[in-house]
Amino acid sequence: MAGGDRGSSDPAAAAAEAELRRGFETLAVARSDTSTGVYEVRLNRPAQRNALSPAAFAEIPRAMSLLDRLPTARAVVLSAAGPHFCAGIELGGPGNPLTAASSKGSDPVAAAEGLRRAILEMQDALTAIERCRKPVIAAVHGACVGGGVDVVAACDIRCCSRDATFVLKEVDMAIVADLGGLQRLPRIVGYGNAADLALTGRRITAMEAKEMGLVSRVFDSKKELDAGVAKIAKEIAEKSAWAVMGTKAVLLRSRDVTVEQGLEHVATWNAAMLRSNDLKEAIRAFLEKRKPVFSKL
Ligand SMILES: CC/C=C\C=C\CC(=O)SCCNC(=O)CCNC(=O)[C@H](O)C(C)(C)COP(=O)(O)OP(=O)(O)OC[C@H]1O[C@@H](n2cnc3c(N)ncnc32)[C@H](O)[C@@H]1OP(=O)(O)O
């Protein structure tokens, strides 16, 4: 069994488990199956089409950080409740930091600084998906709008059902998208496709998203999406956690630096990781023609 439990003997793990039990207002976070290390983070405001409220911006990094620390978590599925994945940023909700910051006092510099801080905090909330060392797999169904696309772009693997649509709506809301889409999407779908989506604000189908590489797999229905993504997550969760976390870390670093710097980074990484018990076990298992049993975190 991958991702076995160590109970609460490890204080960091016990703290993460206690935090998980505290629960969330905008998310449902739970272990999908106790026999695997797969956890599901579900956007859980279906009546509001999972619009990203200030509470969601506070809870997404909280959930990602605790799954990062939780030893039993080996892979994360990010899905959504209700008919759509996400309606983007919550428009007009109470406590919206952008609205509050923009109307702060009469000093325009203070207002601008407040807005800048609010935007940076919201960006950071989505970057927390990348900061979680465990791979995060997006399972998108229905509409994925604006900030929802930014969420998905921060995930490691993106899958959707055939009914999914994606739209970068910001340009039609008279703003420049600022939650990571303009930075991450060109690296996922190429500059031309990202510019096409961001400048036209056109809605694309699941099949077009697949063609441009925004998603890597399309499933025929939501049911098949859930089952398919659960299978992918389970397979990842059964691999060596050190190898999986290292691969995510090296991929992300390599995305942002030169090839030379990326090679240097992975050499340093593997100088430590090639001494792992998991590698010895993988070689032994190959020679003994059996499935490897990798270490717990
Ligand atoms: C100051 C910040 C500036 C800009 C930030 C931009 C980043 C972005 O995210 S841009 C995108 C912003 N979002 C939208 O433009 C709204 C998108 N919503 C939709 O297109 C549709 O709601 C839908 C997702 C396609 C779903 O359609 P449908 O199933 O027909 O549901 P609705 O009846 O439209 O909605 C149900 C319910 O949810 C409320 N809602 C939907 N989206 C939002 C939202 N983004 N913010 C707040 N509330 C939202 C909608 O008002 C309905 O509420 P009721 O009370 O039931 O009327």
| said: Just want the answer: with Cβ charges of +1 for Lys and Arg and -1 for Asp and Glu, which residue in 181, 71, 276 is farthest toward the dipole's positive end in the chain? | reply: 276
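Rounded if a/c is under 1.5, else prolate if a/b beats b/c, else oblate: with a ≥ b ≥ c from the C-alpha gyration tensor eigenvalues square-rooted, which is segment 239-297? Provide the component values of the computation, followed by the final result.
Working: a/c = 2.84, a/b = 2.38, b/c = 1.19.
Prolate shape, in that a/c is at least 1.5 and a/b is the bigger ratio.
Taking each full run of DSSP H in the chain as one helix, which ones are at least 18 Å long along their axis (Cα atoms) and have mean Kyte-Doolittle hydropathy of at least -1.0?
Details: long enough: 54-69 (23 Å, 0.25); 108-131 (33 Å, 0.15); 222-237 (22 Å, -0.14); 241-256 (23 Å, 0.26); 259-273 (20 Å, 0.02).
Those that pass (Cα extent of 18 Å or more, hydropathy at least -1.0) are 54-69, 108-131, 222-237, 241-256, 259-273.
When 219, 166, 286, 57 are ordered from fewest to most other Cβ atoms inside 10 Å of their Cβ, what list results?
Values: 219 21, 166 27, 286 10, 57 24.
Ordered by Cβ neighbours within 10 Å, fewest first: 286, 219, 57, 166.
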| query | Past the 23 Å Cα-Cα mark, which pairs from 231/296; 169/248; 231/280; 223/296; 134/234; 134/239? | reply | 169/248; 231/280; 223/296
| said: For a quick size check, give me the Cα extents of segment 173-297 along its three principal axes, largest first, whole Å. | reply: 58, 41, 22
| query | If the cut-off is a Cα-Cα distance under 14 Å, which aspartates and glutamates reach residue 210, setting aside same-chain residues fewer than 8 apart in sequence? | reply | 163, 220
| task | Mind telling me which of 68, 156, 220 comes out most flexible in a GNM of the chain, alpha-carbon contacts under 10 Å? | result | 220
| field | For segment 1-89, the fraction of alpha-carbon pairs in successive 5 Å shells from zero, as % | value | 3, 15, 24, 24, 16, 10, 6, 2, 0
| field | segment 187-297: relative contact order in percent, alpha carbon pairs under 8 Å with at least 6 residues between | value | 19 percent
| said: Which residue, 259, 219, 199, has the largest displacement toward the positive end of the dipole of the chain when charges sit on each Cβ (Lys, Arg +1; Asp, Glu -1)? | reply: 219
| field | Linear extension gain, residue 255 paired with residue 295, 0.36 nm per residue minus alpha-carbon span | value | 11.5 nm
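Pairs of alpha-carbon atoms within less than 8 angstrom and 6+ residues apart define the contacts here; what relative contact order does the chain have, in percent?
17 percent
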| field | Mean separation of Cα contacts under 8 Å, 6 or more apart, over the residue count of segment 152-242: relative contact order % | value | 38 percent
| said: Tell me the volume per residue, in Å³, of the convex hull enclosing the alpha carbons of the chain. | reply: 158 Å³
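Calculated FRET efficiency, residue 268 and residue 47, Cβ-Cβ r, R0 51 Å, to nearest 0.05? All intermediate terms of the calculation are to be shown ahead of the outcome.
Numbers: r = 48 Å, r/R0 = 0.95.
With a Förster radius of 51 Å, E is 0.60.
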| note | Going residue by residue through segment 212-220, the Karplus relation 6.51 cos²θ - 1.76 cosθ + 1.60 with θ = phi - 60° gives ³J(HN,Hα) values, rounded to whole Hz and with x marking Gly or Pro, of 8, x, 5, 10, 9, 9, 10, 10, 5
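A short reminder: the numbers here are calculations on the coordinates, not readings from a lab. Just so it is clear, the model here is predicted, and its values are computed rather than measured. In this analysis, Cβ positions are derived from the backbone assuming ideal geometry, glycine residues included, and neighbour counts consider all displayed protein chains.
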